[in-house]
Amino acid sequence: MSDTHAQTVPFVRDTMLPAAPPPATQAGAVRWLRENLFSGPVNTVLTIIGLLIIWFLVSHYWDWFAHSVWNANSLNECRQIIIDTWGEGARGACFAVIRERWNQYVFGFYPPELYWRPTMTFGLLIVALVPVLFSASLTIRRAVLVITAIATLTSMIALGSPVIWLAFATLVLAGGFVASERNLGWLLPFSMLYPLMGVWFLWGGSVWGPVFVLVGPVLGWIAWRILAGRMPVIAVLAGVVVTLLFWLFLSGSAAEDAQRLLPMGIEAVRSDRFGGFLLSVTIGVAGIALSLPLGIVLALSRQSDMFLIKSLSVVFIEFIRGVPLITLLFVASLLLNYFLPPGTNFDIILRVIIMVTLFAAAYMAEVIRGGLAALPRGQYEAADALGLDYWKAQRLIILPQALKISIPGIVSTFIGMFKDTTLVTFVGLYDPLKSMSDAVRANIEWKGIYWEPFIFVGAIFFIICFAMSRYSMYLERRLQRDHK
Amino acid sequence: MTDVSASAHASFRPSMLIYDRRYRSLTFQVIVFILVMAALWWLIGNTISNLNAMGKSFDFGFLFQRAGYDISGTPIPYTGNDSHLRATMVGLLNTLIVSILGCIAATILGVAVGVARLSKNWLFARLMTVYVEIFRNIPLLLWILVIYAVFTEILPAPNAYRGESPAWSMILFDHVALTNRYTAIPTLGMDNDPGSLDLGARVTVNWATIAFVVALVGGWFIRRAINAHAQKVQDRTGIRPATLWKNLAVMILPSLFLIWYFGLHLLAPSLQGFNFTGGLNITNSLVVLWLALTLYTAAFIAEIVRAGILAVSRGQSEAAFALGLRPKRTMNLVILPQALRVIIPPLISQYLNLTKNSSLAIAVGYMDLRGTLGGTTLNQTGRELEAIVLMMLIYLALSLIISAGMNIFNSRVKLKER
Amino acid sequence: MSEAINRQVDHSHMQVSDRVAIDIRNMNKWYGTFHVLRDIDLTVYQGERIVIAGPSGSGKSTLIRCINRLEEHQAGHISVDGVELTSDIKNIDKVRSEVGMVFQHFNLFPHLTVLENCTLAPIWVRKTPRREAEATAMHFLEKVKIPDQAHKYPGQLSGGQQQRVAIARSLCMQPKIMLFDEPTSALDPEMIKEVLDTMIQLAEEGMTMICVTHEMGFAQAVANRVIFMDQGQIVEQNTPSEFFNNPKSERTKLFLSQILGH
C-alpha cells in the first residue's frame, strides 16, 4: 500500500502567480456603489430616502440661493432687482442686508471712527494665543501669523487707524513672528499681559487704570520675595493679600490721581455701545480664559480630602449646574444690586461675564474631575515617592495628564459657552442673533427680512464652533501620536 | 502592647498648624470657613440694608395674592383671579410638559440618527452627519427663532383652509392643521364617559385616564411576573417557555378592551368660522419650542448613542458569536447591557440640559416657569429677589430629582471591578 | 529556582555597616478594622539587601509603603536614617527624597520623556540646575543600559525598559535606600532578567535595598537577609541559605514548597 495518494503528492511551485484584476463587480465605481449604497433592500431604501431629502432641499431652495442679491440698500430694492433679472414671480435671497449692515453685525454700536480698535484687539489676541494653541507646529504658526498680520493691518488701514497705533500693531505682529521663529517663550509675557491690554483697547479710558492693576501683583511678588526664604507658606499668603488689598483700596484712587497729574489715555467707550459679534467674542473669550482656571480649582477642591473644601465645591457645582443660564443672567441683571453695598453699580457686561464664567466653570470642573479620576493611582504614588509636594505633583504630573484626557470635554464646554453668549439678549445686550437682527428689522428698509440674517449669523457660529471642535480633534490626535 | 505614634507625645508647637499633616488641613479649613462666613455675612448684610433702603421685605406672601393676568394654554384651569401660586404651578406644569414631550421625541429621533450614522449606507450616514454637525454647532436660540419664523411667517391664518379649493390643506389624513397661531390636532372623544375624579383645587382627572394607567401599570407588572416565571422554568429545565405572545397580550388586550368599553375615538378638528374647533388647538409657542428642543437635543443624543455602540469592542460580539449565541441574543445579553452603561448617564444629562433649555421659552412667549413666576409675576409684584430665588430653587429641585435617578441607575449597573 | 540569575554576583562591595538605616519598632497598621501589620520590629543596617517574601495579602507591600509614608502607620515608630516619620511634613519630605521606590506597574509619567521623568524630581525637589540634572540622568540611564531611549516617551518602551527607567528615575535622586515593590511581577519572563540584572548591579555597588519579590533566585544570590511575612507579621527571618535550606516555621515550609514547586 502506498502512503501517499493523489491529494497529498508533494508539490513545489516553480512560477509565482501575478496578481489578477478582480471581476467587474468587485472593482471600481460599480463595486463602491454596490457596497455603500445598494448592498441590500434596507440599504437601497435608505439611499432612495437620502436622495429624496437632497432632491427636496435642492428643488425648494436652489432658486432662492441662486438668485441672491448682494448689492442693494433695502428689501424692496432687492426684490425689484430679482424681478428685473429673473422675471416676474422669481424669488431670491437678499444677502445685501449683510453687506449693508456688516458693521452693525460685527461692531454693534461701537463708534465707527474707532472700529480699528476692536480689530487690532482681535488681531493681537491671535498673537497672544499662538504660543498656547499652536506650540507644536511651526508651519501652522507661520500661516496663522502671516494671515493675521495681513488681515489685521489692512483692516486697520481701511478703518482709518491712527499711524501710531498702526505702528504699534505692526511692531507686535512682527515681534510675534520673530518669537514664533526663534523661541516661543518670548511671547508668554505678552500673552500674560494681553488680557489687561485687550480690556483697555476695547473700553479705552485712562492708561493709569490698567497700569495700577498691574502694580498690584508686582507689590505682591515683592512681599513674597521678602518672606519666601524663611516662611514659604506665609509668603504666598502675604503675596496674595498684598495684591488684593492694593486692588481693593489703592489702585482705583491711585489711577485717578495719576490721571490728574499726567492725563494719558484713549477715548473711552461705554458698555452699551458694544454689540454684535464683538460682544459675543468678548464675552466668549473672557469666559473661556477665566472659566478654565476656576474649573481646575473647583475640580481639585472636589477631589480634596478636606471635608469643608469638598462640600463647598460640591454645593457650588451642583447649584450652578442645576439652574438654567438664563436665571443666572437674571441674577446678574436684577439681583446683583441687592447683594452689593448700596450705590455700587458695576458694568453689565462684566456682570454677564462673571455669570457666564461661573456657569462654564461648574461644567468644566466636572469634565476635569473625570480626567482626574481617570488617572491611575500609581501616578499620585510615584509623585509622592519622589518627594514632590501636593502643588508640584498637581502642576507637573497630575494636571498635565488630566487636562489632556479632558480636552474633548473642555472644548465642548467652550463651544456650549460660546453658543450661550446669544442668551445675553434677554438681559438687554445686543447679541448678533436676536437683538441685532431685531434692530436691523426695525428699520423700514429691512422690515420683514428673516432668513438672510439667520443664515448669516448661524453660518458664523457654525464656522467658529466647528473649527473649535476640529481643533480639539487635532490636539487629541497630536497628543496621542506624541506619547505612543 | 503597642504604643502610639511618637509625635502624639511631642508637645504642641504653633508651627505644627502649618507643617503637621494632621493640623494643616484643619488650619486651612478653619481659614476657609471664616472667609466664607465673612463673605456670606457681607452679602446678607448688604441685602438687608438694600431691602430696607427700598422699603421692601423678604417674604413670599405675594404668592397668595391675586395674579390678575391671563395665561394662554393652561394644563389646569386657571383665570386671572387665581393666585400667583397657581400661576407658578401652571408655569411649572408647562415646563414639565414641554420637557417631557421633548425628551421622548429627542430620544426617538436621536437613537434613530445615531444608529443611522453607523449605517453602511454612505449617503445616508453622511446626511445624518451633516444634520448632527449643523445642529450641534449653532445656538439653540437660533433654531427656536428660525422655527418660530417659519410658523409665523410661512404658515397661513386658519381661514386659508376655507373654501372649495383652499390654499392650504390639512395634513396626516385631514387630522392636523398647521396655522400661524396654533396647531390643531385631533382630540379623544368618548361615547361612554365615566365622569371625572375631583382632586381638589379645580384639578380633575377623567376616570378613563385612571383606568388606562391602571391597565398599563398592571400589565407591566404581570409581564414581569411572566418573565420571572419563564426564568424559573428555564433555570429548572433549561428550556425557556415562549413569552412573546403572552407579554404582548397582557400589555395590549386590557387597553383594547378599555377603548371598546369607553367608545374611544379620534375627534378631528374642523374649521368653524375663523377658527378650528372640535380638536385641540395647541399654541404654536409650545409646538415651536418642542420642535426646536427636540431637533437640537436629538443631535447630541445621536452622538451619545453612536459613541456608546462604538464603545463596546468588536471582540465582545465576536466572543459571543464564538460561544454560539445568535445575533439577537448577543445584542440583548452582551452588547446592549454594555452599551447602555455607556449611553444612559450622558443621555440623562441631556434630559437635564433639555429641561433647563426649556427656559428659552422666553424667546417665543411660552408661559413656562420662567414666563409666569420669573416673568409676569416678577414684573407685577416687583419681588425680584423672592421670585428669582424661588424659580432657581424649583429648577434646582427638578435637576436634583433627575440626577438622583441617574445615580440610582449608575449604582445598579456599575461594573463590578476590584 | 529562577533561571534569571545566571552570572556570578560580585560580593566585594556589599558590606553591611553598623549604621542603622531604617528602624521600625512596634509598628501597627489597620485598614479600618482590618489589622494589616502587627507588631512589626525591623532594623535595617546600611548596605543590607533584604528580600521580603510571603503569600499575597500578607502585608509585605504595605510594610515597605509605610517606610516612605505612602501609607500611614497608626502605632509604633519608623525612623529612616535617623528621621522619625510622623505627620510632620518636613520629615516626610526629607525621608522621601532619601528613599527611592520602584513600583510593580512602573508608574512612569507618560506625558514626559524618559529624560524628563528622570530630571523632574532633582529639578523640583532637590533644586538641581537643569544641565546638571540631565547629566546625572544620562549617567544613570547609561547605568541601566538605555541611554539611547532618553528622548522617547515611556509608552514607546517595552515593560523591562520602562522598569529600568523607573529604577534610573529613583537613582537620580541619589537615594540612600531603595525600595522595590514587586518590580518584576508585571513583566514578561524574558524581561525579568534585564531588570534583575540592574538590581544586582545596584546591590554590588553597596546600595541598601529592600525588595518585595517572588524571585527566589535573586534572594539567594543577592540578599543578606530574607524575611518571611504572613498575616501581617514577620514569621521568620534568616540568611538566605538557612532560610531556603533549613526553614524553621511550618508556614515558611508550606510557602517555600508552593513557590519553589516541584
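We did not get these values from a lab; they are worked out from the coordinates using the rules stated. None of the values given here were measured: they were computed from a predicted structure. Here the Cβ is made from the backbone with ideal geometry for all residues, glycine too, and neighbour counts use every protein chain on show.
Peptide A:385-395 has a mean shielding of 6, counted as Cβ atoms of other protein chains within 10 Å of each residue's Cβ. Cross-link reach is defined here as a Cα-Cα straight distance under 20 Å, omitting same-chain residues fewer than 8 places apart; for C:LYS94 the aspartates and glutamates meeting it are A:GLU381, A:ASP384, A:ASP389, B:ASP20, C:ASP23, C:GLU71, C:GLU72, C:ASP81, C:GLU84.
The alpha carbon centroids of the range C:41-55 and the range C:187-239 are separated by 9 Å. Relative contact order, whole percent, for the range A:48-123 stands at 27, derived from Cα pairs under 8 Å and 6 or more residues apart. Using alpha-carbon positions, what is the distance between the centroids of the range A:34-102 and the range C:97-131, in Å? When both Cα centres are located, 62 Å separates them. Protection proxy ranking of B:381-391, A:150-160, B:145-155, B:285-295, by the mean of other Cβ atoms within 10 Å over each peptide's residues and highest first, is B:285-295, B:381-391, B:145-155, A:150-160. In this structure, C:HIS151 and A:ARG477 have a Cβ-Cβ separation that, at R0 = 25 Å, corresponds to a calculated FRET efficiency of about 0.75. Within straight-line reach of C:LYS248, meaning a Cα separation under 24 Å, sit the following lysines at least 8 residues removed in sequence or on another chain: C:LYS60. Dipole magnitude for the protein assembly as shown: computed about the Cα centre from +1 point charges on Lys and Arg Cβ and -1 point charges on Asp and Glu Cβ, it is near 780 debye. Let me know the shape class of the range A:158-203, please: from the alpha-carbon gyration tensor, a ≥ b ≥ c as square roots of the eigenvalues, rounded when a/c is under 1.5, otherwise prolate if a/b is greater than b/c, or oblate. Since a/c reaches 1.5 but b/c is at least a/b, the shape of the range A:158-203 is classed as oblate.
A cysteine counts as unpartnered when no other cysteine's C-beta lies under 4.7 Å of its own; in chain A this applies to A:CYS465. If you run the Gaussian network model on chain B, springs between alpha carbon atoms under 10 Å, then out of B:MET16, B:MET37, B:MET392 the most flexible one is B:MET16. Given +1 at the Cβ of Lys and Arg, -1 at the Cβ of Asp and Glu and no other charges, the dipole of the range A:272-484 around its Cα centre is 460 debye to the nearest 20.
Expressed as a fraction of 2.2 N^0.38 Å, the C-alpha radius of gyration for the protein assembly as shown is 1.14. What the Cβ-Cβ distance of C:THR43 and A:ALA374 gives, at R0 = 35 Å and to the nearest 0.05, is a FRET efficiency of 0.25.
Classify the range B:1-135 from the C-alpha gyration tensor, please: rounded if a/c falls under 1.5, else prolate or oblate depending on whether a/b exceeds b/c.
The shape class here is oblate.
Please work out the FRET efficiency for the pair A:TRP86 and A:LEU166, using the Cβ-Cβ distance as r and a Förster radius of 51 Å; give the result to the nearest 0.05. Calculated transfer efficiency: 0.70. Cross-link reach is defined here as a Cα-Cα straight distance under 30 Å, omitting same-chain residues fewer than 8 places apart; for B:LYS120 the lysines meeting it are B:LYS328.
Here, chain A yields an orientationally averaged convex hull projection of 42.0 nm² when only Cα atoms define the hull. The overall shape of the range B:187-267, judged from the alpha-carbon gyration tensor, is prolate: a/c is not under 1.5, and a/b is greater than b/c.
Let me know the whole percent of all Cα-Cα pairs from the range A:272-484 that are separated by more than 25 Å. Let's see the in-between values first.
Working: 11141 of 22578 pairs.
Tail of the P(r) past 25 Å holds 49 percent of the pairs.
To the nearest Å, what is the center-to-center distance of the range A:442-462 and the range A:119-152, using C-alpha atoms only? That distance is 30 Å.
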